1. Going through B:Ile76, B:Ile38 one at a time, which residue ends up being touching a Gly at 6+ places or on another chain (Cβ under 9 Å), modelled with pLDDT of 85 or more and crowded, with 22+ Cβ neighbours inside 10 Å?
2. If you go through region C:251-299, how many residues are more than 18 Å from C:Ile75 (Cβ to Cβ) and without any contact (Cβ under 8 Å) to a residue 12 or more places away in the chain?
3. Does C:Lys156 count as among the charged types (D, E, K, R), away from chain B (no Cβ under 14 Å) and more than 26 Å from C:Ile75 (Cα to Cα)?
4. Picking from A:Val273, A:Val324, which residue would you name as being buried (at least 24 other Cβ atoms within 10 Å of the Cβ), out of contact with any Phe, Trp or Tyr (no Cβ under 8 Å at 6 or more places or on another chain) and farther than 23 Å from A:Ala91 by Cα?
5. Among the helices (runs of 4 or more DSSP H) contained in region C:233-346, which hold 3 or more residues that are within 26 Å of A:Thr131 (Cβ to Cβ) and either modelled with pLDDT under 95 or more than 14 Å from chain A (Cβ to nearest Cβ) (or both)?
6. Provide a single number: the residues in region A:122-162 that are over 23 Å from the mean Cα position of the chain (by Cα) and under 20 Å from C:Ile314 (Cα atoms).
7. Of all residues in region C:170-186, how many are surrounded by 19 or more Cβ atoms within 10 Å (Cβ to Cβ) and either among the aliphatic types (A, V, I, L, M) or assigned to a helix (DSSP H, G or I) (or both)?
8. Take the conditions farther than 14 Å from C:Ala71 by Cα and buried (at least 24 other Cβ atoms within 10 Å of the Cβ) and apply them to C:Ala249. Does it pass?
Amino acid sequence: MRQKLFFTGLIVMFALSAIGHFAGFDMTLQFIISAIAIVFVAGFLGKATESVAHYAGQRLGGFLNATFGNAAELIIAIFLVKEGLFDMVKASITGSIIGNLLLVLGLSLFAGGLKYKQQKFNNQLAEHNSTLMIMAVIGLFVPAVFVGAEHFSLAKDHFLSLAVACILIVSYLLWLVFSMITHKDVLSDTEMNADHGEEPAWSKGTSIILLIVATVMVAFTSEWLVHTLDTFTERFGLSQLFVGAFVIAIVGNAAEHSAAIMLAMKNKIGAAVEIAIGSSLQIALFVAPVLILVSTLFGDTMDIIFTPIELTAIGVSVFIAKSVSRDGNTNWYEGFLLLMVYIILGFAFYLV
Amino acid sequence: MRQKLFFTGLIVMFALSAIGHFAGFDMTLQFIISAIAIVFVAGFLGKATESVAHYAGQRLGGFLNATFGNAAELIIAIFLVKEGLFDMVKASITGSIIGNLLLVLGLSLFAGGLKYKQQKFNNQLAEHNSTLMIMAVIGLFVPAVFVGAEHFSLAKDHFLSLAVACILIVSYLLWLVFSMITHKDVLSDTEMNADHGEEPAWSKGTSIILLIVATVMVAFTSEWLVHTLDTFTERFGLSQLFVGAFVIAIVGNAAEHSAAIMLAMKNKIGAAVEIAIGSSLQIALFVAPVLILVSTLFGDTMDIIFTPIELTAIGVSVFIAKSVSRDGNTNWYEGFLLLMVYIILGFAFYLV
Amino acid sequence: MRQKLFFTGLIVMFALSAIGHFAGFDMTLQFIISAIAIVFVAGFLGKATESVAHYAGQRLGGFLNATFGNAAELIIAIFLVKEGLFDMVKASITGSIIGNLLLVLGLSLFAGGLKYKQQKFNNQLAEHNSTLMIMAVIGLFVPAVFVGAEHFSLAKDHFLSLAVACILIVSYLLWLVFSMITHKDVLSDTEMNADHGEEPAWSKGTSIILLIVATVMVAFTSEWLVHTLDTFTERFGLSQLFVGAFVIAIVGNAAEHSAAIMLAMKNKIGAAVEIAIGSSLQIALFVAPVLILVSTLFGDTMDIIFTPIELTAIGVSVFIAKSVSRDGNTNWYEGFLLLMVYIILGFAFYLV
């Protein structure tokens, strides 16, 4: 039943979004329609990925989940890169990271914590996640400081950005090797395995076709959404930064949001934390550097230099998420604190 | 006997301070007298609060202790706000935070550690305290970075300051709910309960009257002290910053200092840590934001923007206090390190 | 056999280095010869120290090991101070710290982790090391922020530098008291004790004579090496910063590198971590402040103000090393991440 409603919504919103785009609806209306459509197609992409992952076996499945999990964000961002909107790309990367670490994780811990007094998860994974978060912050922070303090030429700036991007991607890929092959047993969480027990709705062949269809739909809807942003931003007097960091990031992560919160309320807090933190790690260690390589292919390298306020937002989010998740033990108040930090950053970005 | 000596000292010093103020003693003498008087009246306020807390039952009692504990600092600071001495207010907030985290905590761990090889306390509380300290740092840090990097207008600056102030106060109030109601059992430390076993010296009615008397005395003495600061600062060539961060902060926290050190030497290190860290959290999450709201009532909003050196001082204090207290295990060397950081900051502020 | 080869290499390289210096070989050749010679004489100094330490008993032995361990770096740096090359001194201090925390520790964990799935060591020591690392960062960070933000005069700058230097040295000496006398048992690691079981090769008298000889050889070779740096740097278009932070640091720490990696591969990861982190702590808490005092004796005080990029490099290294070593549990991926951060910093410094 719920399944049926979802697919009806998916098709209706996708069609409306297409019609709106080609018929030239009012830009604000187009923005609203395609934003809702993105939520549906991202959810569809998530379902298809999970189904393919089921047939692929746990190891390859985990990899597929990890890689396709942020596909929506990646595709939106590639369209922004193509249009040369580098500032908005970086703002949306920032927004995705802080959205996952503060909003998704915060809502999950808060909702889960209201239902269960204390929720526990595997400590070892939390330790590794926190080291990787520090790696991600270093990767974004070091170039900014060096380029800022030493007034690097554009060539040096681009060289350093590409070098750091490659190092981050290699670190991410070896993290997959580490966590899925060499040290799989150390990091596994019984809850998470339990989660994979459900039967998938589709056959193997159908799953693969649906994955392709979903990816194409995400690509189209993303372009239609990006197309409306200029007018929308101008009309409401919002900064590119705020739209990138809050509007696009929330829309693009809608699927993760609902999944993580639902898991938390089923007391599967380990899986919820993994989605929230894992997703932000993918953005920082994989999506961001891939976008830099992609921009080079488009002929105009985007550097990896984030602004001081973006770095501050990422830095404080990582810090408090790390502090909250470190002991493998969560409660409603920790979720509440994460949400408060998100609201502080929301006010600050809105005022810029 | 000790009790009697204390009250004699209290009355003599308070009277001397009043005479000094109205008879127009030499300013340096006035400063010295009222500084000593503050130490006595703050101690008196502490005793009265504890006694009222005893009758109010543990939950409400804890709240009263938490709220009145920094009443002296709050009242001094309100007088400074009224006089428009915003820089000195912020310096004294900075000084209170670092004074509690470095001087009070450092002396407690050092004194306790000389007597007992290792002292242990509840780990869970340390984890939460450390997350709250990070929240406090974020609340003070984010506005400074955004306002500094983006050259906010005064209106935006004030709006952001008020928003952050409200969020910090709400976070503090919910922390009380969390730690005293919903998760009281998780955070309780047997030592600390043991500490509440003593019989109070006064009846319920007397306690309430004494609490009111003590608060009034603190208010008067604070005004007399603040009144001397301008001349005193000028005469000794000290900066407002140094006087606020070191002189006022040490005077205003004298009661906590002696209480925490005495507890540490009785091997009640959990209670000592709670006083030191709890007090600095109250300053950052409650006193500082309340002062911003109060300044708005006086018609001239004080912003929440601390200077880079104040933020550095707060940041490094939080960092090292967090690192020292995290494992719920302390020794003399950890106390010594905190004191060394305090001395480094003291030199640095003195030279400004 | 291996012993014999080592001493042949030592004598040949030392002699070649001397000949090169006095006969005025080509500067690049002189640089290469004396760099190789430094590796040998530093290794010789290490062996002699260990042998003397054996006869001195564990406590005094530990102290000797700790103090002579970085003797090579200290002697090289004193020659640089004498020549007034303050920027290169600070770069080499930076390089030694990050080299130990990232390269030595990274290679050790990586090599050990390839052989053993998980390696464990004493948690308590890791906690204390991490607090000391924060102390070291604070000691270098606070003066830089205050002097930078408040435009201190040269006199104030020097006063603050000397004050911080003294505080760091006292902290380091009391750390030796703490870790070797008052809390020796808490911090001891069974693996490390096992390591001291080997019989020394030389008698007591021979050991002392060899220690003196080795120190003199290090002093000479260091001067010959420093003498070539100006020409070498210029010829290859390298910055003083890069040469100091990467070339000199790697050469000066060669002995630690090989020792730590060999221990890690014997599954004595606790001893390997202790060498890497202990050595970087000595540099920050002892060698750096001693150099400031030494510069004052030479008549021209070197301040303790590191550049923003040096502080960034030290800060991020401490952060990730702390995160990796905190749980007393290591693997190949953690070593890999440290190496990646080293490479990022290497690129960044090279481009300056």
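1. B:Ile38
2. 3
3. no
4. On the way: A:Val273 fails: out of contact with any Phe, Trp or Tyr (no Cβ under 8 Å at 6 or more places or on another chain).
Matching residue, one of A:Val273, A:Val324: A:Val324.
5. Answer list for region C:233-346: C:254-265, C:269-282, C:308-325.
6. 7
7. From region C:170-186, those surrounded by 19 or more Cβ atoms within 10 Å (Cβ to Cβ) are C:171-172, C:175, C:178-179, C:183; that's our starting set.
After this cut, where a residue has to be either among the aliphatic types (A, V, I, L, M) or assigned to a helix (DSSP H, G or I) (or both) as well, the list is C:171-172, C:175, C:178-179.
Selection size over region C:170-186: 5.
8. No.
The values are calculated or read from the model by the stated rules, or taken from the named source; none is laboratory data. Note that the coordinates shown come from a computational prediction; the quantities given were computed from them, not determined experimentally. Backbone-built Cβ (ideal geometry, glycine too); neighbour counts: all protein chains shown.
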